[in-house]
Amino acid sequence: MQINIKIRQSKGQWGRPPASAWILGLAALFLLLSLWPKEKASWRSDESGAAEIPVVQAPVLNVEILSIKEGSTLSDILDDYGFTPADIHKLRAEVQSVYDLARIKAGQDLRIYRDEADSIVRMEYEIDDESYLEIHFEKGSYRAEIKKIPFEMRTAVIWGRIDENPIEAVRKTGEDAVLALLLAEIFAWDIDFYTGLRKGDVFKILFEKKYSQGEPVGYGKILAAEFVNNGKLFRAYRFVYPDTEEAGYFRPDGGSMKRQFRISPFKFGYRITSRFSYRRLHPIRKVYRAHLGVDYGAPVGTPVHATSAGTVTYVGRNGAAGRQVTLSHKNRYETMYLHLSRYAVRKGEKVNEGQVIGYVGNSGESSGPHLDYRIKENGRYINPLSYKFKPVEPLRAEFRTDFEELAVLYLWTLDVPLYLASNLTGATAWTSRGIADGAGDSDGI
């Protein structure tokens, strides 16, 4: 099959084709070369002289690659190909059970294949980095299916130093910011990534990286990581149980990286404005009184996450606390989230650790947008920042040997000095203050 590729720019709707268009063009060229005969197909007969085998021409497909622009609709795109409103309605209806074509997004690729008679025979829409929608045009009807984009997984190592923030530190190594978020998730029970980091903290990450057609398209799992925070070393190794295929991150001694509660109800984007104290000057009433929680300054609307799995026991206004959500947890713990702007859960609902339960606000007695986060153990308030919560279930004993062998391999890979040095690019930028420096204040309760 021969494929001719054309990059189209129509009516000002289509911008410069992305790199994927050129990659597709090269792939088609290699396909064409691989099918091209190395010499003329012929054979010689001793009796009848030379005769040539008839050459059967492969069907020729012309493909146009369009980069969808902001505000474009399917009707806008297909109008240039002679589709009537009735045609587009029929296409939408027949494809609806597989994919809603109203969901096409700006920046994605659309590939339209036409035969020698200039009739459209196939259309492909890039859903995301991992899948695409393929629509076949068959005698007035349409057949659609979602296909996976083939990719290979490679492993890589980076090593960086934090001088400003972890996102910039990871970017300085040539990787995407999402890797910093994955790293923060692993150490979320030990390190507060917005108030607990120090200039000069260092990290190492062994991770999976996805490639499609030779180009990076995303990340898999972090396999192992090290973080030195304020002189203290933390290590985490990923282990998959062979019998259940369940995975988790464990410390070198087999203890789980997870504890019953995360350090913070945020992932990123806050700063601590007031700490747990039995004697604090009230910011509004100007008298000393106990402040039995931790205040996090953050913009209104910042998502607030449950620090542990539990059940919603209270949703509503609570005097000076404003809009409040309360969760009950196993082992007689209770968490409270005060001064919210909106709720994301209902009373009686079961929530998972990390689930959004509400949004930062300025309700109740408050001097600025923030969250007051509190924890009780057996009805008594405790300091969320200093209390040592117990880890969850450790590594299963029967797999200890397997884990130790894997951990040695991971440790060796992380500690190859020349390889790590080649990846250290002088990552900079990160203070112990959050990105919401101008937002937030303290409450009056």
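Fewest to most neighbouring Cβ within 10 Å: what's the order for 190, 295?
Numbers: 190 17, 295 28.
Ordered by Cβ neighbours within 10 Å, fewest first: 190, 295.
What does the charge add up to near residue 224, with Lys and Arg as +1, Asp and Glu as -1, over the other residues with Cβ less than 9 Å from its Cβ? Write down the numbers at each step before the final one.
Details: positive: 204, 235, 238; negative: 226.
Once positives and negatives cancel, what remains is +2.
Can you list residues whose amide H is under 5 Å from residue 163's amide H, if they're 5+ apart or on another chain and H is modeled 1.01 Å from N?
Residues meeting the criterion, in which the H sits 1.01 Å from N, are 200, 428, 429, 430.
For the stretch 271-382, what relative contact order do you get, as a whole percent, if you take Cα pairs closer than 8 Å and at least 6 residues apart? Display every interim value, and only then the final one.
On the way: 300 pairs, mean separation 32.9, N = 112.
The normalised contact order for the stretch 271-382 reaches 29 percent.
Can you work out ³J(HN,Hα) from phi for every residue in the stretch 372-383, in order, using Karplus 6.51 cos²θ - 1.76 cosθ + 1.60 and θ = phi - 60°, giving whole Hz and x for Gly and Pro?
Taking θ as phi minus 60°, the curve returns 9, 10, 9, 9, 10, 10, 6, x, 10, 5, 10, 7 Hz for the stretch 372-383.
Going by how many other beta carbons lie within 10 Å of each one, how would you line up 195, 302, 73, fewest first? Could the numbers behind the result be given before it?
Numbers: 195 20, 302 24, 73 13.
Fewest to most other Cβ atoms nearby, the residues stand as 73, 195, 302.
Mind listing the long-range amide H neighbours of residue 274? Cut-off is under 5 Å, sequence gap 5 or more, other chains count too, H placed in the peptide plane at 1.01 Å from N.
Here 295 satisfy the definition.
Longer than 30 Å from Cα to Cα, which of 209/390; 105/199; 69/210 are they? Say none if no pair is.
On the way: 209/390 33 Å; 105/199 40 Å; 69/210 26 Å.
Distance filter (> 30 Å) returns 209/390; 105/199.
Going by how many other Cβ atoms sit within 10 Å of their own, how do 257, 153 line up, fewest first? If you can, show how the numbers build up before the last one.
Working: 257 22, 153 11.
Ordered by Cβ neighbours within 10 Å, fewest first: 153, 257.
Which ³J(HN,Hα) values in Hz, rounded to whole numbers, follow from the phi angles of the stretch 317-324 under the Karplus curve 6.51 cos²θ - 1.76 cosθ + 1.60, where θ = phi - 60° and Gly and Pro get x?
The phi angles translate into 7, 9, x, 5, 6, x, 6, 9 Hz.
Each value in this text was obtained by applying a stated rule to the coordinates, not by laboratory testing. Computed from a predicted structure; not experimentally measured. Reconstructed Cβ throughout: ideal geometry from the backbone, glycine too, with neighbour counts over all protein chains shown.
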